[in-house]
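Below: the structure, in structure tokens.
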Amino acid sequence: MEVNIQDCFWSSSPSEVKKFKVQDDRDNFCPISSQNWEYWFRKWLEILQPDIPVAQNYELSLRLTDDSEIQTLNSQYRYQNQPTDVLAFATLEVNVPQLKIVDSDIQIYLGDIVISIETAFRQAKKQGHPLTIELAWLAAHGFLHLLGWDHLDEESWQKMVKQQLFLLHAVGITIGEQITPDN
């Protein structure tokens, strides 16, 4: 799994980052390394075994941004002129027949996940957990969308939340009660 990280927040203007900076050490306020992101997405793909074409490798883009940019994207693509926490733009359509991939060297692009660090920070603070956990939660949510999951009603929302909790637990992150595929 190849994850292309576009860091448009932590590398942005110092005044924006200063709000989130705890110490001078960048690792303490940019909480997740590219290696961790790649591990999480690879592990989640392995666990989910989605109904997508088999390929040698999969790729996605993760964009870390601010409320202003995500509001622009949310307005343009979802017609909601307000910031949101995460957006996902899947390249594989769920209801379109998938071709079997013959060439084992092929790499399949799954899509783009965009996360607002500002909204994630507010949500983490409200939930009483670290920003790292909130970012993992939002990444798992966006990843499920890339693989065709959706939450159009309460029942599908609950299934998706349960799946997110399971995915986080699989990479060593626990929020609340322990979740397994059976409960």
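Quick one: ranking 162, 125 by accessible area, 1.4 Å probe, largest first, what do you get?
My answer, sorted largest first, is 125, 162.
Considering Cα pairs under 8 angstrom that are at least six residues apart, work out the relative contact order of the stretch 119-179 and quote it in whole percent.
24
Could you order 109, 77, 58 by accessible surface area, starting with the largest, using a probe radius of 1.4 Å?
Putting 109, 77, 58 in descending order of accessible area: 77, 109, 58.
May I ask you to order 148-156, 131-139 by the average number of other C-beta atoms within 10 Å around their residues, highest value first?
The peptides rank, most packed first, as 131-139, 148-156.
The values are calculated or read from the model by the stated rules, or taken from the named source; none is laboratory data. Just so it is clear, the structure is predicted and the values come from calculations on it, not from any experiment. Note that each Cβ is placed from the backbone with ideal geometry, even for glycine, and that neighbours are counted across all protein chains shown. Only protein heavy atoms, including side chains, enter the accessible area calculation; ligands, DNA and RNA are left aside. Shrake-Rupley method; radii C 1.70, N 1.55, O 1.52, S 1.80 Å.
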